Amino acid sequence: MASTPQSPRHWVIGDVHGCATALQDLITRLPLSDRVIFCGDLINRGPQIERTLILAWDLVGQGRAVWLRGNHEQSLLKALSKQRGTSDPALAGSDTYRQLGSRQCRLWRERLEGLPLAYWGKGWVATHAGFDPSTWLPHLSIRQPFWSQYDGRFGDVIIGHTPVARVERSANGIVKIDTGACYGGRLSAYCPETAELISVPGLRSIQSQLPVLGRRRSGKAVAGSC
């Protein structure tokens, strides 16, 4: 009898923030048959934002990836909707706007507007920052209220948004996978089906700007390959 084809696994990737070289390196280490879930915040901060956008969107177009909306994508969309150009402080302070310019940002706007807020797997869900405990809807910038009040109702919740020194899983099933690639940390991919981890170096040149990593370890680190 023919064997049943194995369902593809998923790899949830933390905040890329314009680290295209690290992203390309990480993608080459993932099985071609598996699916990639970008946990949002692919833009801003890093030096290769346009290349990052193209890499991610190509994977989405191939049906190999899902790109979730992060708070940085949301902030750019909000600023672009005002259509006030660089007179808007939100655009003037946007790394994405400075690197891509007005025309390219507006070309990307329609794509970013279609990004979903969450991806639901079997016994797990990926979203950018977590869920609002008052509604249990995805929230793009929440932190402590979700961390402390999550009751396991969705299974494991895999999030980015808050940099940690290593991928860690809390007792209530929150898995934090933003390992600070743009701050000199690493870019990490986490498999919710197996708890495997694959990570690659991020931007070493700005490692001195890494003030958050290693603070307030609220969960245990997840072991895996690097």
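Of the residues making up region 89-144, those that are within 16 Å of G40 (Cβ to Cβ), hydrophobic (A, V, I, L, M, F, W, C) and out of contact with any Pro (no Cβ under 7 Å at 6 or more places or on another chain) are W108, L112, L115, W120, V125, A126, A129, L137, L140, I142. Set side by side, the residues T21, T52 differ, and just one is farther than 18 Å from I158 by Cβ, open to solvent by less than 10 Å² (accessible area, probe 1.4 Å), of a type in the set (V, I, T) and not in a loop (DSSP other than H, G, I, E, B), which is T52.
Matching residues to (1) under 26 Å from R204 (Cβ atoms); (2) in contact with a strand residue (DSSP E or B) (Cβ under 6 Å, 6 or more places away or on another chain); (3) not aliphatic (A, V, I, L, M):
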position: A118; (1), (2), (3): no, yes, no
position: G160; (1), (2), (3): yes, no, yes
position: V164; (1), (2), (3): yes, yes, no
position: G173; (1), (2), (3): no, yes, yes
position: A181; (1), (2), (3): yes, yes, no
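All of (1) touching a Pro at 6+ places or on another chain (Cβ under 9 Å); (2) closer than 20 Å to G185 by Cβ; (3) open to solvent by 10 Å² or more (accessible area, probe 1.4 Å) hold for P47 with one exception: (1). In region 58-71, of all residues being open to solvent by less than 10 Å² (accessible area, probe 1.4 Å) and out of contact with any Lys or Arg (no Cβ under 9 Å at 6 or more places or on another chain), the one that is nearest to R9 (Cα to Cα) corresponds to L68. Of all residue pairs spaced 6 or more apart or on separate chains, none has beta-carbon atoms under 9 Å together with a first member in region 86-111 that is farther than 19 Å from V16 by Cβ and in contact (Cβ under 8 Å) with a residue 60 or more places away in the chain and a second member that is part of a helix (DSSP H, G or I) and open to solvent by 20 Å² or more (accessible area, probe 1.4 Å).
Residues are listed down the side, and each one gets a yes or a no for (1) open to solvent by 30 Å² or more (accessible area, probe 1.4 Å); (2) under 27 Å from L137 (Cβ atoms); (3) aromatic (F, W, Y); (4) at pLDDT 95 or above:
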| site | (1), (2), (3), (4) |
| --- | --- |
| L26 | no, no, no, yes |
| A56 | no, yes, no, yes |
| E73 | no, yes, no, yes |
| S87 | yes, no, no, no |
| G101 | no, no, no, no |
| R106 | yes, no, no, no |
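Residue selection: L140 satisfies the criterion of being touching a residue at least 60 places away in the same chain (Cβ under 8 Å), under 15 Å from the mean Cα position of the chain (by Cα) and closer than 29 Å to R35 by Cα.
Scanning region 89-99 for residues that are modelled with pLDDT of 90 or more and more than 19 Å from the chain's Cα centre (by Cα), we see that the one that is least open to solvent (accessible area, probe 1.4 Å) is Y97.
For region 155-186: of the residues being in contact (Cβ under 8 Å) with a residue 40 or more places away in the chain and of a type in the set (S, T, N, Q), which is nearest to I198 (Cα to Cα)? The extreme case among them is T179.
The values are calculated or read from the model by the stated rules, or taken from the named source; none is laboratory data. Note that this is a predicted model, so its numbers are computed, not measured. So basically every Cβ, Gly included, is an ideal-geometry build from the backbone, and we count neighbours across all protein chains shown. Side chains are part of the model used for accessible areas, which takes the heavy atoms of the whole protein and leaves out ligands, DNA and RNA. Shrake-Rupley method; radii C 1.70, N 1.55, O 1.52, S 1.80 Å.
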